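Chemist: Supplied in structure tokens, the structure appears directly below.
The values are calculated or read from the model by the stated rules, or taken from the named source; none is laboratory data. Keep in mind that this is a model prediction, so the values were computed, not measured. Neighbour counts are summed over all protein chains in view; Cβ atoms, including those assigned to glycine, are modelled from backbone coordinates with ideal geometry. For accessibility, only protein heavy atoms count, side chains too; no ligands or nucleic acids. Shrake-Rupley method; radii C 1.70, N 1.55, O 1.52, S 1.80 Å.
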Amino acid sequence: AQSVTQLDSHVSVSEGTPVLLRCNYSSSYSPSLFWYVQHPNKGLQLLLKYTSAATLVKGINGFEAEFKKSETSFHLTKPSAHMSDAAEYFCVVSRPYNNNDMRFGAGTRLTVKP
Amino acid sequence: NAGVTQTPKFQVLKTGQSMTLQCAQDMNHNSMYWYRQDPGMGLRLIYYSASEGTTDKGEVPNGYNVSRLNKREFSLRLESAAPSQTSVYFCAGRQASSGNTIYFGEGSWLTVV
């Protein structure tokens, strides 16, 4: 069994300040982990993924995430928020090489203030 | 290269009506999926098709049927729509050679009144 908990339903930051979106996972396997972003009225776009290689994963648009097995966490960070980062972010866990059993977190809505 | 395309984008149904959501992909995905998205619940898998000719239930299959017409197309049917099926529906596809990344369509907003 596997599951994901996104610890914040809403995060608000000022433009130019760091972003931290928190995700904890539970999995009976060595998981694959993903972050997706969803802009309003759009589909989900992959930001980055962890599949048992380097624990610090770099994604698009300056985002990165670190896999910490001891803490069962996969938090998403960005050094400096941009207005265009305002969106909904989803943390996702799946079994390795078996994405037919992907489990999504409830989502974190990121607001960026000018 | 359109990726994953789903139609219609918006639909309003009356309770008891039937409809089919269409999905097509041009990325040579073996696996295709239908998800629903509801506020505060993330995405939940309705059905998936691991390959042409096969379909399997996901987390919330009740009230839905699917058909994998060919490798490109995977449709979702509501035989008798209910207000509880008001949701945003996403089709997605996956190819193992892409590192198991799943690619999503832009969504279909369905309201059942």
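Chemist: Amide H to amide H, which residues 5 or more places from A:VAL11 or on other chains are under 5 Å from it, using H placed in the peptide plane?
Modeler: Amide H neighbours of A:VAL11: A:ARG109, A:LEU110, A:THR111.
Chemist: To continue, here is another question. Just grab the label-to-label distance for B:ASN28 and A:MET83, each label 7 Å out from Cα along the Cβ direction, in nm (one decimal).
Modeler: Reported label-point gap for B:ASN28 and A:MET83 is 4.1 nm.
Chemist: How large is the accessible surface per residue of segment A:1-47, computed with a 1.4 Å probe and reported in Å² as a whole number?
Modeler: I get 47 Å² per residue for this part.
Chemist: Next question, about the same structure. Nearest 20 debye, what's the magnitude of the dipole of chain B about its Cα centre given +1 on Lys and Arg Cβ and -1 on Asp and Glu Cβ?
Modeler: Approximately 80 debye in magnitude.
Chemist: Let me ask another. Could you state the principal axis extents of the C-alpha atoms in chain B, from the largest down, to the nearest angstrom?
Modeler: Largest first, chain B extends 42, 28, 26 Å along its Cα principal axes.
Chemist: Quick one: putting +1 on the C-beta of Lys and Arg, -1 on the C-beta of Asp and Glu, what dipole do you get for the protein assembly as shown around its Cα centre, in Debye to the nearest 20?
Modeler: Values: 21 positive and 16 negative charges, 22 e Å.
Result for the protein assembly as shown is approximately 100 debye, rounded to the nearest 20.
Chemist: While we're on this one: Please calculate the 1.4 Å probe accessible area of B:GLU106, with all protein chains present, and give it to the nearest 10 Å².
Modeler: That residue has around 90 Å² of solvent-accessible surface.
Chemist: Still on this structure, please answer the following. Could you tell me the extents of chain A's C-alpha atoms along the three principal axes, largest first, rounded to whole Å?
Modeler: Here the spans come out as 42, 28, 22 Å, largest first.
Chemist: Mind putting a number on the dipole of chain A about its Cα centre? Charges go on the C-beta only, +1 for Lys and Arg and -1 for Asp and Glu, and I need it in Debye to the nearest 20.
Modeler: 140
Chemist: Roll a 1.4 angstrom probe over the protein heavy atoms and tell me the percent of accessible area of chain A that is carbon or sulfur.
Modeler: Solvent-exposed carbon and sulfur of chain A make up 50 percent of the total.
Chemist: Could I ask something else about it? Debye calculation, C-alpha points only, no solvent: report log10 I(q)/I(0) for the protein assembly as shown at q = 0.10, 0.11, 0.15 Å⁻¹, in the same order as the q values.
Modeler: After summing over all Cα pairs, the log10 values are -0.45, -0.54, -0.99.
Chemist: In addition: Run the simple label-point estimate for A:THR72 and B:VAL113 please: 7 Å along Cα→C-beta, distance reported in nm.
Modeler: 4.5
Chemist: Tabulate in residue order the Karplus-calculated ³J(HN,Hα) for segment A:72-79, using 6.51 cos²θ - 1.76 cosθ + 1.60 with θ = phi - 60°, rounded to whole Hz; enter x for Gly and Pro.
Modeler: 6, 10, 8, 6, 9, 9, 8, x
Chemist: Compute the label zone of B:THR20 within segment B:74-113: residues whose backbone N is under 17 Å from the point 7 Å along Cα-to-Cβ.
Modeler: B:74-81, B:91
Chemist: Given a 1.4 Å probe, how much area per residue of segment A:56-97 is accessible, in Å²? Please list the in-between numbers first.
Modeler: On the way: 2040 Å² over 42 residues.
Ligands and nucleic acids excluded, the figure is 49 Å² per residue.
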